[in-house]
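Undergrad: My questions all concern the structure below.
The values are calculated or read from the model by the stated rules, or taken from the named source; none is laboratory data. The shown structure was predicted, so the numbers you read here are calculated from the model rather than taken from an experiment. Note that we place each Cβ from the backbone using ideal geometry, even for glycine, and neighbour counts take in every protein chain shown.
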Amino acid sequence: MNQYETDALVSQFHHAGYQVVDYSTPADITVINTCTVTSQSDQKSRNTINHAARKNPDGMVVVTGCMANNHKEQLEANEKITYVVDNERKSQIVSLVDAHFKGELVHPETYPGDVFGFETVDKSLHTRTSIKIQDGCDNFCTYCIVPSVRGRAVSRPLGEILENIRRVVDNGFKEIVITGVNIGRYDFEQYNLERAIDKIVELPGDFRIRISSMEPDGFGPDFHKVFQHPKMAPHLHLCIQSGSDVILRKMRRMYSTQSFMDIVSAFRKEISDFNFTTDVIVGFPGETEKDFTETIKAVKEARFSHVHTFRYSRRKGTRADRLEEQTAEKIKSERAETIRQISEENRLIYMESMLGKQQRVLIEKVNNKGMAQGYGECYLPVQFPTTLRSKNVFQDVLLEKVEPVDTPFILATDQSFNP
Ligand code: SF4
């Protein structure tokens, strides 16, 4: 979601007449869209703030994002930062910067909050673009700081979403990622997520829809059916967090391992190649060897092709932070490494299982050796020789061989290609 909001800011600055430059180029203004989900993300955000201030000593540094909500006072006391803008007012940053250059003295909080106040993206840092349909969360998982920094769940009116997608498709985007903090809870008038997607895929144009990341609760038992539509990419990042029911209860997650597996089976029954990826937290307070073994079992059984592994990170103000039996960092690191290895094995198994099949690749880049790179609908990285020179084009290819390099990809052929 931060990526979407950053892209939207890029478009807003561009429309207002600013030149958006690469981070390595000196800049008059640097906007840092921070994350605070773990202590590691806080540290990365701090390093970026320090680096940006050193790199552009006469420039303006604007810090926004979840860290701006979570550590506001600390950031406001930092003299290197010109403005600290909370998530609610992120969409107002261009107006704030404009006012600053006109010599007006403004405080970010004089602007009204509007979490959906971003313009349509027409100038993105990426080939695919995202649309925020929802913000905030009412789930209050015990480890999570997000509800405190993003607020309660709110859904964007469906008419605005449809209009926004129509415009990004007109702007040439071919892959649109639907994003939000907890999109399974989308709820606007009579539309839940399934009904909203039904309306989105009816829109005209050659584009496909990808869902960013979802919690395994909130959507109905027939949710998998929306993926039968050819515009829906058969890939879902469905967050399991743990394979132990004891830990899931302590996390206050709203499902059991079995009900999670039932969702995975229902999807794969409908679309056998469906690609699931996930998040796992290792070392949650009180996680025993037995609990961790259950997580390993679940990760193997669900055949996630990628596991984004987090070492549990204490966040002040959350219930899990107050739990006793915090897990030692060494154990967290060992468990994270175990999951990382299983994730790599799973990825290769999934890639091998896709050989001989077709994928529709959205080209993101063509290198100087004539190799196109991009992702198929199942979110597999694919490379193939081509005479095409342009990116942002769909190409049907046949998957032929897994290249098991550091970041594996699949070599494919475009059958209309004649070298
Ligand atoms: S559902 Fe997601 S965002 Fe909401 S509290 Fe749980 S982990 Fe955080």
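Undergrad: Please enumerate the residues belonging to region 214-225 that are under 18 Å from Arg152 (Cα atoms) and either assigned to a helix (DSSP H, G or I) or in contact with a strand residue (DSSP E or B) (Cβ under 7 Å, 6 or more places away or on another chain) (or both).
TA: Of everything in region 214-225, just one residue is under 18 Å from Arg152 (Cα atoms) and either assigned to a helix (DSSP H, G or I) or in contact with a strand residue (DSSP E or B) (Cβ under 7 Å, 6 or more places away or on another chain) (or both), namely Met214.
Undergrad: Tell me the residue from Asp98, Asp122 that is modelled with pLDDT of 90 or more and within 17 Å of Gln12 (Cβ to Cβ), please.
TA: Checking each option against the conditions leaves just Asp98.
Undergrad: Quick check on region 226-245: of everything there that is more than 24 Å from Pro381 (Cβ to Cβ) and surrounded by 15 or more Cβ atoms within 10 Å (Cβ to Cβ), which residue is nearest to the ligand (Cβ to nearest atom)?
TA: Gln241
Undergrad: Restricted to region 143-177, and to residues that are among the aliphatic types (A, V, I, L, M) and within 16 Å of the ligand (Cβ to nearest atom), which residue is surrounded by the most Cβ atoms within 10 Å (Cβ to Cβ)?
TA: Val149
Undergrad: Here is a further query. Is it the case that Asn367 is among the polar types (S, T, N, Q) and surrounded by fewer than 20 Cβ atoms within 10 Å (Cβ to Cβ)?
TA: Yes: the conditions hold for Asn367.
Undergrad: Let me ask something else. Just checking, which of Phe140, Phe188 is within 13 Å of the ligand (Cβ to nearest atom) and more than 19 Å from the chain's Cα centre (by Cα)?
TA: Among Phe140, Phe188, only Phe140 is within 13 Å of the ligand (Cβ to nearest atom) and more than 19 Å from the chain's Cα centre (by Cα).
Undergrad: Of the residues Phe274, Phe223, which single one is of a type in the set (Phe, Trp, Tyr), touching an Asp or Glu at 6+ places or on another chain (Cβ under 7 Å) and either within 30 Å of Gly205 (Cβ to Cβ) or away from the ligand (no atom under 16 Å from the Cβ) (or both)?
TA: That would be Phe223, the only listed residue that is of a type in the set (Phe, Trp, Tyr), touching an Asp or Glu at 6+ places or on another chain (Cβ under 7 Å) and either within 30 Å of Gly205 (Cβ to Cβ) or away from the ligand (no atom under 16 Å from the Cβ) (or both).
Undergrad: Now a separate question. Search region 271-299 for residues being assigned to a helix (DSSP H, G or I) and within 25 Å of the chain's Cα centre (by Cα), and hand back the single one that is surrounded by the most Cβ atoms within 10 Å (Cβ to Cβ).
TA: Applying the filter and picking the extreme gives Thr295.
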